[in-house]
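K.L.:
My questions will all concern the structure given below.
The values are calculated or read from the model by the stated rules, or taken from the named source; none is laboratory data. Computed from a predicted structure; not experimentally measured. Using ideal geometry, Cβ is built from the backbone for each residue, glycine included, and neighbour counts are taken over all protein chains shown.
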Amino acid sequence: MPMELEGLPLWSGGEHDGVLRELVLALKYGGDRPLGVAMGRALGRVFPRPEADLLVPVPLHRGSERAYNQSLALAEGAAKEWKLPTGEGLVWSERRREQTSLGREERKKLPRDVFSPVPGSVEGKRIVLVDDVATTGSTLERAAETVRRGGGVPVLALSWTCAPRTKERACSVR
C-alpha cells in the first residue's frame, strides 16, 4: 500500500488488522525473531527493489526489555530479497515511553530531535527506513529528518502494516 509521509513514500504490507496484526504482535511480544525475517522477506518479494544503499530499522527504545529489535528483523528479511545491507543508523536521543503506550495525539507530538544518527552511518547514503507498524507516521517522519541531519537521503519508509487512518493519508499497501 503506497503512502506519502512528508515527501517520503511509505510501502506497507497491509492494514493493521486481522492476520497481519496478529503476526506483528507475535513478532513483537512472542519473541519470534525468525518470523520477523520471514515477514521482511515477504515485503521484499511484494515490493520492487528500491534505489537505495542501506536499510535502517527504527531502533528499540532505550531500556526496552525486548530481546531483539523487531524492525531490524524485518529489515534483514527485506535486505535478503533486495540484496541490500542493513545498518543501525539511528539511536533514541533520550529515554522515552514506548510509542505503543501513547495515544494517537501523543504519538503525533514526537519531538523533532527524538533520534540521533549513528556517526558516519547514513552520511552520503540513500536510506530505506523500516518499522513494524506505521500508526501515525510520526516515528518514520522523525527518523527521516534524522537521516537528513546525518547527511543521508531517506528514499522510502517500509512497514509491515499501517493503521487505517495512516493508510488514508499516506500508505501504499499490497
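K.L.:
Restricting to segment 39-58, and then to whatever is among the β-branched types (Val, Ile, Thr) and touching a strand residue (DSSP E or B) at 6+ places or on another chain (Cβ under 6 Å), can you tell me which residue is modelled with the highest pLDDT?
P.N.:
Filtering segment 39-58 for residues that are among the β-branched types (Val, Ile, Thr) and touching a strand residue (DSSP E or B) at 6+ places or on another chain (Cβ under 6 Å), the one modelled with the highest pLDDT comes out as VAL56.
K.L.:
Next up: Cβ-Cβ below 8 Å, separation at least six or inter-chain, first residue in segment 6-18 and over 10 Å from TRP160 (Cβ atoms), second among the charged types (D, E, K, R) and modelled with pLDDT under 90: which pairs?
P.N.:
These pairs meet every condition: LEU10/GLU4; TRP11/ARG174; GLU15/LYS167.
K.L.:
Would you mind stating whether VAL56 is β-branched (Val, Ile, Thr) and closer than 22 Å to LEU156 by Cα?
P.N.:
yes
K.L.:
Further, regarding this structure: ARG107 is checked against (1) basic (Lys, Arg); (2) under 21 Å from VAL147 (Cβ atoms); (3) at pLDDT 90 or above and fails just one. What number does that condition carry?
P.N.:
Failed condition: (3).
Table: residues versus (1) touching a Gly at 6+ places or on another chain (Cβ under 9 Å); (2) without any contact (Cβ under 8 Å) to a residue 60 or more places away in the chain.
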residue	(1), (2)
LEU27	yes, no
ARG41	yes, yes
VAL46	yes, no
GLU51	no, no
